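Note sheet for the following structure.
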Amino acid sequence: MLRIFLTGDNHIGLKYANYEQGDVLSKYRLDALRNMIQTANSLECDIFAITGDLFHSRRGLGKQIVTEVVNILADFEEQVIVLPGNHDYYTGHLENGESKDIWDHFETAISTKENILLLTEYRPYDLCLRDEHIVIYPAFCQTKHSSPGENNLGWIREQDIQPDQTYRIGMAHGAIEGQTIDREGSYFLMSQKELDDIPVDVWLIGHTHVPFPTLDTDTYQAGGRIFNAGTHVQTDISCNTEGNGFVIELEGGDGQKQVRAKRYISGPVRFYRKEIYIPAGESLSIALTREFEPIKNDSVVDVVLSGSVSEEDYQARQQIVDDALSRFLDTKYIDDTALTPIITEERIKREYPETSFSAQLLLKLLDNPKEAQLVYDLLKKCQ
């Protein structure tokens, strides 16, 4: 049997420049990688596979962070396999006047680490781990974008891959048709049929930050042959995932291997945007407490408020919101432009002529604050 811990799209070095706790958020990505290595060791995995975008960029990260990543990976007790993605694509040489990129530093750092393999050639890589013969077929990236409809699978299709006792693993970075938005086909787009037609035992894919397939975390399940772990830590509000990896087991003799897997939750932090409507007359503090109650402290929470509150709450809204958010790691965005003071007789007379239809209607509805607010909002839209 072969057991693989799959991760990818780790984006080490991602900077959260718009957040006060940006350095903490960046460190979480390193800490989560370290935790995955420890988990993979405890599960006695044979391979720790990274399917591209280990780093957020080819440049600007510095030798120190690359060395730290290598030291983290070197703590894995068996074989680490790293595939360059489209953010950290591998060119293999320096162009005129070009400074060293992360892979120059990475290759120097792993030269003394026997268990880390960087896939930089389009060829089969033969490995022997715990008396098992394994062949890796890499489709790594040499550019950030592809020409429309092109990917890096061509050389693998040309291989004469025959089912036998060898574990044959395809690793690729790119969008998968039907799973990833790639309207222009510029992210090494692959179809599921294209992957299915190549008779490897399993495909380990990177690029899409949301994991697929959908699997439980407690038990191993049959999950097909194509696995995309998604990012290991949620990157921002647009990426709705808690941070994931997969633990994949392959077993079998000659012919098709049995493949089963389970999901591993790796992300220590979540990003949320809470759109909160405050019914007329409800306490702003109570409403926020109710909405935030299920969210863990290690979260980044943005807030969009609408509805109506008492004049007192409205005047103190910034402090009330700040107090409610204070237990969370960070926040970037607070929008209260659609929050208004509750409708009162004084406000109606201030905004509408006393004899107007609008004023008379609203005054009659004051005994029912919710209806009054609804009508007021409609009148404002019609102005």
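The values are calculated or read from the model by the stated rules, or taken from the named source; none is laboratory data. This one's a predicted model, so the numbers in the text were calculated from it and none came from an experiment. Every residue, glycine as well, gets a Cβ built from its backbone with ideal geometry; the counts of neighbours run over all protein chains shown.
Provide a single number: the residues in segment 281-305 that are hydroxyl-bearing (Ser, Thr, Tyr), within 29 Å of the chain's Cα centre (by Cα) and assigned to a helix (DSSP H, G or I).
If we filter segment 281-305 for residues that are hydroxyl-bearing (Ser, Thr, Tyr), which is where we start, we get 283, 285, 289, 299.
Of the ones still in play, those that are also within 29 Å of the chain's Cα centre (by Cα) are 289, 299.
Of the ones still in play, those that are also assigned to a helix (DSSP H, G or I) are 289.
Within segment 281-305, residues that are hydroxyl-bearing (Ser, Thr, Tyr), within 29 Å of the chain's Cα centre (by Cα) and assigned to a helix (DSSP H, G or I) number 1.
Is it true that some residue in segment 321-336 is farther than 27 Å from Asp23 by Cα, in contact with a Ser or Thr (Cβ under 9 Å, 6 or more places away or on another chain) and surrounded by 13 or more Cβ atoms within 10 Å (Cβ to Cβ)? Explain how you work it out, then say what you get.
Of the residues in segment 321-336, the ones farther than 27 Å from Asp23 by Cα are 336.
The next check asks that each one be in contact with a Ser or Thr (Cβ under 9 Å, 6 or more places away or on another chain); those that pass are 336.
Restricting the remaining residues to those that are surrounded by 13 or more Cβ atoms within 10 Å (Cβ to Cβ) gives 336.
Among the residues of segment 321-336, at least one is farther than 27 Å from Asp23 by Cα, in contact with a Ser or Thr (Cβ under 9 Å, 6 or more places away or on another chain) and surrounded by 13 or more Cβ atoms within 10 Å (Cβ to Cβ), which makes the answer yes.
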Can you tell me which residue among Val309, Val233 is crowded, with 20+ Cβ neighbours inside 10 Å, more than 30 Å from Leu366 (Cβ to Cβ) and not aromatic (Phe, Trp, Tyr)? Val233
Can you tell me how many residues within segment 1-45 are basic (Lys, Arg), surrounded by fewer than 17 Cβ atoms within 10 Å (Cβ to Cβ) and not in a helix (DSSP H, G or I)? 1
Cβ-Cβ under 6 Å pairs, at least 6 apart or on other chains, segment 263-280 side more than 25 Å from Arg34 (Cα to Cα), far side at pLDDT below 95 and in a loop (DSSP other than H, G, I, E, B): Arg273/Ile237; Ala280/Ile342
Within segment 248-277, work out how many residues are aliphatic (A, V, I, L, M) and touching a helix residue (DSSP H, G or I) at 6+ places or on another chain (Cβ under 8 Å). 2
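Here are some residues: Ala287, Ala261. Which one is of a type in the set (Gly, Ala, Ser), closer than 30 Å to Arg225 by Cβ and surrounded by 18 or more Cβ atoms within 10 Å (Cβ to Cβ)? First the steps, then the outcome.
Details: Ala287 fails: closer than 30 Å to Arg225 by Cβ.
Only one candidate qualifies: Ala261.
Within segment 214-253, which residues are within 24 Å of Gln21 (Cα to Cα), β-branched (Val, Ile, Thr) and out of contact with any strand residue (DSSP E or B) (no Cβ under 7 Å at 6 or more places or on another chain)?
Initially, segment 214-253 is screened for residues within 24 Å of Gln21 (Cα to Cα), giving 230-244.
Then drop every residue that is not β-branched (Val, Ile, Thr), which leaves 231, 233, 235, 237, 241.
Thr231, Val233, Thr235, Thr241, listed by residue number.
Taking Ser283, is it farther than 28 Å from Thr235 by Cα, in contact (Cβ under 8 Å) with a residue 40 or more places away in the chain and of a type in the set (S, T, N, Q)? Spell out the reasoning first.
On the way: farther than 28 Å from Thr235 by Cα: yes; in contact (Cβ under 8 Å) with a residue 40 or more places away in the chain: no; of a type in the set (S, T, N, Q): yes.
No.
Please verify whether Asp75 is in contact with a strand residue (DSSP E or B) (Cβ under 7 Å, 6 or more places away or on another chain), within 28 Å of Ile265 (Cα to Cα) and not hydrophobic (A, V, I, L, M, F, W, C), treating the condition exactly as stated.
Numbers: in contact with a strand residue (DSSP E or B) (Cβ under 7 Å, 6 or more places away or on another chain): no; within 28 Å of Ile265 (Cα to Cα): yes; not hydrophobic (A, V, I, L, M, F, W, C): yes.
Judged against the criteria, Asp75 is not a match.
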Of all residues in segment 142-155, which are buried (at least 19 other Cβ atoms within 10 Å of the Cβ) and over 14 Å from Ser186 (Cβ atoms)? Leu153
All positions within segment 242-270 that are in contact with a Ser or Thr (Cβ under 8 Å, 6 or more places away or on another chain) and among the aliphatic types (A, V, I, L, M): Ile265, Val269
I'd like to verify a number: residues in segment 142-193 that are at positive phi and at pLDDT 95 or above, how many? 2
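Does Ser308 qualify as being assigned to a helix (DSSP H, G or I) and within 30 Å of Asn240 (Cα to Cα)? Before the answer, list the steps.
Values: assigned to a helix (DSSP H, G or I): no; within 30 Å of Asn240 (Cα to Cα): yes.
For Ser308, the condition - assigned to a helix (DSSP H, G or I) and within 30 Å of Asn240 (Cα to Cα) - is not met.
Kindly evaluate Glu282 against the criterion of being of a type in the set (D, E, K, R), modelled with pLDDT of 95 or more and out of contact with any Lys or Arg (no Cβ under 6 Å at 6 or more places or on another chain).
Working: of a type in the set (D, E, K, R): yes; modelled with pLDDT of 95 or more: no; out of contact with any Lys or Arg (no Cβ under 6 Å at 6 or more places or on another chain): yes.
No.
Which residues, counting only those in segment 157-185, are among the β-branched types (Val, Ile, Thr) and surrounded by fewer than 20 Cβ atoms within 10 Å (Cβ to Cβ)?
So in segment 157-185, the residues among the β-branched types (Val, Ile, Thr) come out as 161, 166, 169, 176, 180-181.
Across segment 157-185, the qualifying residues are Ile161, Thr166, Thr180, Ile181.
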Would you kindly identify the strands (runs of 3 or more DSSP E) lying entirely within segment 200-278 that contain at least 2 residues that are in the same structural domain as Lys27 (by TED's automatic domain parsing), under 17 Å from Ile176 (Cα atoms) and more than 12 Å from the chain's Cα centre (by Cα)? 202-206, 226-228
So which strands (runs of 3 or more DSSP E) are wholly in segment 46-141 and hold at least 1 residues that are hydrophobic (A, V, I, L, M, F, W, C) and surrounded by fewer than 14 Cβ atoms within 10 Å (Cβ to Cβ)? 125-129
Residue tally, condition crowded, with 17+ Cβ neighbours inside 10 Å and not in a helix (DSSP H, G or I), over segment 337-383: 6
